[in-house]
Amino acid sequence: MANAKEKVVWITGASSGIGKAMAFEWASLGYKVVLSARRKELLEEIALEIKNSGGEALVVPVDILEEKSIENAVQSMIDHWGRLDVAVANAGFGVFGSIDKLTAKDWNRQLNGNVTGLALTVKYALPHLKQNQGRIGLVGSVGAYLPNPNVGAYGASKAAVHSIGLTLQVELKGTGVSCTTIHPGFVESEIAKIDNDGVWHPERNDPRPSNLMWPTDKAAKVMVKAIIKRKRNYIFTAHGRILVWLQGWFPGLVRTIVSKGPKPE
């Protein structure tokens, strides 16, 4: 088995938020880090910071909405480092609007990114992960379990991520590859600042309760630990776990709580 300094981790959506924080966390553990997202200039800044701290990082831009981009990204990292030990399918975004207002374009973009893009990330990484009894990390959301007013498309996409994780845990039996599906509660991110067409609006307010928000570095530590320990399903933030538990036993109460909470515009 290779030690951490020989192992390679690939993170999609690594230019900001949880993905960026996970890049630093994996690097601190000695892993070589492959950084993927669309914004190459931000990835280069993160890579430089990792290298200045004594780590190794490779920038491989990718657009998860394009299958060929994903396939080419995997080939690039294999050409460079010759192996892949961990793939973290973190890239994703939110499409906002009530069910009666969302268009086919909105639904297609949401599902193509958060579901198809994630599944194809796994598809192209798997042949290389199987060579090293590697690990897969899928980033879902507690929204996979809950009602999601005004973010119904996002919740549906994360429910699909949960289902994909369950399926992989069966399909990968006997391969040595593990799949950890991680469902965070509220964590600091840019998700509320990006509109349904993928345009960033830095002036937008985040409607999520700031007092419940986890910082990204804290989230990254527990997420990386769950993947390393090969946990199958990991829900975190206390409020996230409580809401998921309440949904299982008192769904009417959860509907009431959620209906009174802030909703994205």
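The values are calculated or read from the model by the stated rules, or taken from the named source; none is laboratory data. This structure is a prediction, so every number in the text was calculated from the model and none was measured. All Cβ positions, glycine included, derive from the backbone under ideal geometry; neighbour counts span all protein chains shown. Heads up: the accessible areas ignore ligands, DNA and RNA and are worked out on the full protein's heavy atoms, side chains in. Shrake-Rupley method; radii C 1.70, N 1.55, O 1.52, S 1.80 Å.
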#### Entry: Residue check, residue 162 closer than 20 Å to residue 26 by Cα, outside any loop (DSSP other than H, G, I, E, B) and open to solvent by 30 Å² or more (accessible area, probe 1.4 Å)
no
#### Entry: Residue pairs meeting the criteria (Cβ under 8 Å; at least 6 apart or on separate chains; first farther than 23 Å from residue 18 by Cβ, in region 233-252; second exposed (fewer than 14 other Cβ atoms within 10 Å of the Cβ) and at pLDDT 95 or above)
246/253
### Task
Six or more apart or on different chains, Cβ under 6 Å: which pairs go from a residue in region 180-196 that's modelled with pLDDT under 90 to one that's of a type in the set (Ser, Thr, Tyr)? Could you list them?
188/216; 190/16
### Query
Could you list, in sequence order, the residues of region 35-86 that are of a type in the set (A, V, I, L, M), over 21 Å from residue 199 (Cβ atoms) and not in a helix (DSSP H, G or I)?
35, 57, 58, 59, 60, 84, 86
### Task
Sort out which residues of region 70-92 are open to solvent by 30 Å² or more (accessible area, probe 1.4 Å), within 23 Å of residue 165 (Cβ to Cβ) and not acidic (Asp, Glu), and write them in order of number.
92
### Summary
All conditions in (1) assigned to a helix (DSSP H, G or I); (2) open to solvent by less than 50 Å² (accessible area, probe 1.4 Å) are true of residue 108 except (2)
### Task
Name every residue in region 224-261 that is surrounded by 14 or more Cβ atoms within 10 Å (Cβ to Cβ) and of a type in the set (Phe, Trp, Tyr), in order of residue number.
234, 236
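One line per residue, one yes/no per condition, for (1) polar (S, T, N, Q); (2) open to solvent by less than 40 Å² (accessible area, probe 1.4 Å); (3) not in a strand (DSSP E or B):
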residue	(1), (2), (3)
138	no, yes, no
143	no, yes, yes
147	no, no, yes
153	no, yes, yes
156	no, no, yes
168	no, yes, yes
179	no, yes, no
182	no, yes, no
189	yes, no, yes
### Task
Assess whether residue 34 counts as being of a type in the set (Val, Ile, Thr), buried (at least 24 other Cβ atoms within 10 Å of the Cβ) and in contact (Cβ under 8 Å) with a residue 12 or more places away in the chain.
yes
### Task
State which residue is modelled with the highest pLDDT when the search covers only region 200-214 and only residues that are under 22 Å from residue 39 (Cα atoms) and open to solvent by less than 70 Å² (accessible area, probe 1.4 Å).
206
